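Taken together, the values in this text are just the output of simple stated rules run on the coordinates, not laboratory data. These numbers were taken from a predicted model, which means no experiment stands behind them. Here the Cβ positions follow ideal geometry from the backbone for every residue, glycine too, while neighbour counts run over all protein chains shown.
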Amino acid sequence: MSILIKNSENLGDVYVEGNEIESVGKGASSKSRRKTDHVIDAKGKAVLPGLVNTHTHAAMTLLRGYGDDMLLHDWLTTKIWPAEEKLKPEHIYWGTRLAALEMIKSGTTCFNDMYFFMEETAKAVRDSGLRAVLGYGFLDLFKEEKREKEIKETETFVKFVEGFGLERVKAAVAPHAVYTVSKEGLEWCKEFADEKGLLLHIHLSETRKENEDCVDANGKRPVPYLDNIGFLGENVIAAHCVWVTKGEVRTLAERGVKVSHNPTSNMKLATGGVMPYKEMHEAGVVIGLGTDGAASNNNLDMFEEMKVAALLQKAHRWDPTVLPAGEAWQMATINGAKALGINTGEVKPGILADLILVDLHRPEMTPNHNLVSNLVYSASGSVVTHTICDGQLLMDERVVEGEDKILEKSERIAKELIGNS
Ligand SMILES: [Zn+2]
């Protein structure tokens, strides 16, 4: 498959051959002697890298709007956990197809996920055409028997994904958090991930309670606790990192830990605290951006997430210069790609062809004094007209194949899941 994107307003022509960007700029097409399978007229449009969502629970789209405006504990115990008890494989498949559809329509081409029945997530990613890093949510709840089960589940899932033989679907090891996984469980996850060369995806220092409980249980806060057991390293992607001290930020930077910032989820669940972006950025931590699950966001629109991230830091620090638009854009693109260790996040030759086209002929994109400013502060995901992932055209003029079926099926299955409760 080859795609020629012609006459874009920002980069001229972009030529995609197979799953890579072959050339960018004027005359990009003439460099290929082969026939182009698909030509996209990008006049009036900008060609940009697909966005990278570094922390999600994709199938939670089925719980969108099911429980809002509640205290975290009540939300989890009366809404989320009872619903999750009833989850079956087909819920995960269709919930993830719905999430993938939403991501494709709002310009996200890659996501980092942790949940249950991950084989179904992997199938949904395969069928949707997106790129993803997927980890089975490992929760041993400090019980040895359960730990053995979780180890088997993790090993089985990694094998399952390897069996796909698809470059765009990667497995990760995903111990849920320090309050749900024992020291032995965390150590096993670390060892297994290192041995297999996989990412380690974990929730870290999301709430103050998590920190206090960790001190009570282990005599240390989560970051020093994990560092002490040798868990932290370059393959760790830690979601949230809200309740971290300056010293802990230094530890994260020194160990090469990547952080996923999830501002909307943190604000909506109102667990208090704001991730210390300025300190992390200055320490050189690679920070990506995530939406978290749709139950706590409630959408997967990374354009919105960029704006929320920038505004939260400014409001919190009383400083409009913190987290400028350019950095928000980097978080959602190149930094996310770096965090997940994938060769995307830019539009240049030799990079994987994960691309989006953005319509500039829209009121919110006019005038175009500064494209990045418009993308971060003015746009929403609906400005995206075309989405290409791994060299395949997934959305053409806002049309995604099979969209109606996905909407109908996921609506039905979500109603079945939570009934009229
Ligand atoms: Zn999460």
For Lys35, list the lysines whose Cα falls under 26 Å from its own Cα; do not include residues on the same chain fewer than 8 positions away. Lys6, Lys26, Lys43, Lys45, Lys348
How high is the relative contact order of the chain, given as a whole-number percent (alpha carbon pairs under 8 Å, six or more residues apart)? 22 percent
Under the rule of -39500 (n - 2.57) per DSSP H run of 4 or more residues, summed and divided by the residues of the chain, what mean residue ellipticity at 222 nm is obtained, to the nearest 500 deg cm²/dmol? -11500 deg cm²/dmol
To the nearest 20 debye, what is the magnitude of the charge dipole of the chain about its Cα centre, counting +1 on the Cβ of each Lys and Arg and -1 on the Cβ of each Asp and Glu? 720 debye
Given N residues in region 89-148, what is its alpha carbon radius of gyration divided by 2.2 N^0.38 Å? 1.27
Checked region 51-340 against the a/c 1.5 cut and the a/b vs b/c comparison, axes a ≥ b ≥ c from its Cα gyration tensor; verdict rounded
Sorting check: for 246-252, 256-262, 74-80, which peptide has the highest mean count of neighbouring beta carbons within 10 Å, and how do the rest follow? 256-262, 246-252, 74-80
Burial-style ranking of 297-307, 340-350, average other-beta-carbon count within 10 Å with highest first, yields 297-307, 340-350
Just to be sure I understand the model, the point goes 7 Å from the Cα along the line to the Cβ. What's the resulting Glu279 to His369 distance in nm? 3.5 nm
Would you pull out the residues with amide H under 5 Å of Thr108's amide H, same chain only if 5 or more places away, H placed 1.01 Å from N? Leu51
Whole-angstrom gap from region 379-421 to region 282-312, using each part's C-alpha centre: 20 Å
With 10 angstrom as the radius, rank Thr264, Thr387 by how many other C-beta atoms surround their C-beta, starting from the fewest. Thr264, Thr387
Treating only Lys and Arg (+1) and Asp and Glu (-1) as charged, each at its beta carbon, one finds that region 1-64 has a dipole about its Cα centre, in Debye to the nearest 20, of 120 debye
Sequence-distant or interchain residues sharing an amide H contact under 5 Å with Leu134, placed H: which? Asp113, Lys170, Ala171, Ala172
The size of the Cβ-based charge dipole (Lys, Arg +1; Asp, Glu -1) of region 1-143 about the Cα centre, to the nearest 20 debye, is 660 debye
So for region 33-173, taking the charge dipole from beta-carbon charges (+1 Lys/Arg, -1 Asp/Glu), which of Val169, Val133, Gly44 sits furthest toward the positive end? Gly44
Using 26 Å as the Cα-Cα cut-off, could you pick out the over-long pairs in Lys123/Lys268; Lys159/Lys268; Lys86/Lys143; Lys105/Lys190; Lys105/Lys209; Lys105/Lys170? Lys123/Lys268; Lys159/Lys268; Lys105/Lys190; Lys105/Lys209
